[in-house]
Every structure is written in C-alpha cells, then in structure tokens.
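Working notes, structure below.
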C-alpha cells in the first residue's frame, strides 16, 4: 500500500469514529421541537397517530422498524410511562408500513419518539432510546 492509500484509510477511520461518537452522544437526548409556538392551534400529532386526545395531555408517538432492537426497548420505556401516568398515550408506528408519517415528521432513524401536546403540536423529540425520568420531567403538566 502506498502512502496516499494509508492516509486515506486513516482519515476515513477518523471520520467514521467521529460520526459514531456524535451519534452515540445524541442518542436518547431530548430536543425541543424547532419553532415551537405554545400559542399555536392544533397540529398534526394525534391525527398522524390515528387517535384522539381523549383528555390526555401528551402523545408519545414512537416511530419504529421491525428489525430494530432499540425500538423494542423504547416501547417498554414508553409503555411503562403510560402505565404510570394515564394522562399519556403511546402509539407505535412501523415506518415500513407508514412511510408517510415518517416523511411528514422528518424522521430519518428509528427509534424516534415525537411528543405532541393535547392540541397536537410537537413539543419534544428523542432519537434513540429515551431516558424515562428526563422525558417525564420535560412533559407538560396539563
């Protein structure tokens, strides 16, 4: 292997390592919805999930894929939250079956959890397995 090939290989390994570290650091972290306007009227959240608020304060919309191991862990975390708090609803959407939902929300990886308030406006987003305690602390109280 000549020197140029070795340099290219080292640079490629460094870039791949950096990308992996950034993705790992971002996984499971809460992000507030961009441009969230708390005075806005209803958004598409509950409609995209195919359900109604029914007095609940938040919808945890999980976008998953069938071959995703972290998706199963996310479903357990969100299911436990809903069991502990009847003010929450959890809907899991398979992106293979509902590509339209993933496109509408701009979701590029699974699992992604998008949290909507009672009006249907997006308030939070988590890529990766959410940390239950952080998610509960960030949810609206009513």
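Sort out which residues of region 109-122 are assigned to a loop (DSSP other than H, G, I, E, B) and modelled with pLDDT of 90 or more, and write them in order of number. Outline the logic, then answer.
Of all residues in region 109-122, those assigned to a loop (DSSP other than H, G, I, E, B) come to 109-111, 118-121.
Residues satisfying the conditions are 109, 110, 111.
Condition first: over 22 Å from residue 69 (Cα atoms) and either modelled with pLDDT of 90 or more or not in a helix (DSSP H, G or I) (or both). Now tell me which residues in region 123-136 satisfy that.
Within region 123-136, 123, 124 meet the criteria.
Can you find, within region 31-42, the residue that is surrounded by the fewest Cβ atoms within 10 Å (Cβ to Cβ) among those that are under 16 Å from residue 107 (Cβ atoms) and at pLDDT 65 or above?
Ranking the candidates gives 31 first.
Restricting attention to region 77-105, report how many residues are free of Cβ contacts under 8 Å to residues at least 24 places away in the same chain and either part of a helix (DSSP H, G or I) or closer than 13 Å to residue 45 by Cα (or both).
7
For the structure I just gave you, tell me whether residue 74 is part of a helix (DSSP H, G or I), on the phi < 0 side of the Ramachandran plot and within 10 Å of the chain's Cα centre (by Cα).
Numbers: part of a helix (DSSP H, G or I): yes; on the phi < 0 side of the Ramachandran plot: yes; within 10 Å of the chain's Cα centre (by Cα): yes.
It is true that residue 74 is part of a helix (DSSP H, G or I), on the phi < 0 side of the Ramachandran plot and within 10 Å of the chain's Cα centre (by Cα).
Would you mind finding the one in 45, 20, 50, 54 that is loosely packed, with under 10 Cβ neighbours inside 10 Å and either more than 25 Å from residue 140 (Cα to Cα) or at pLDDT 75 or above (or both)?
54
The values are calculated or read from the model by the stated rules, or taken from the named source; none is laboratory data. As the structure is a computational prediction, the values presented were derived from the model and not from experiment. Cβ sites come from the backbone with ideal geometry, for glycine too, and all protein chains shown count toward neighbours.
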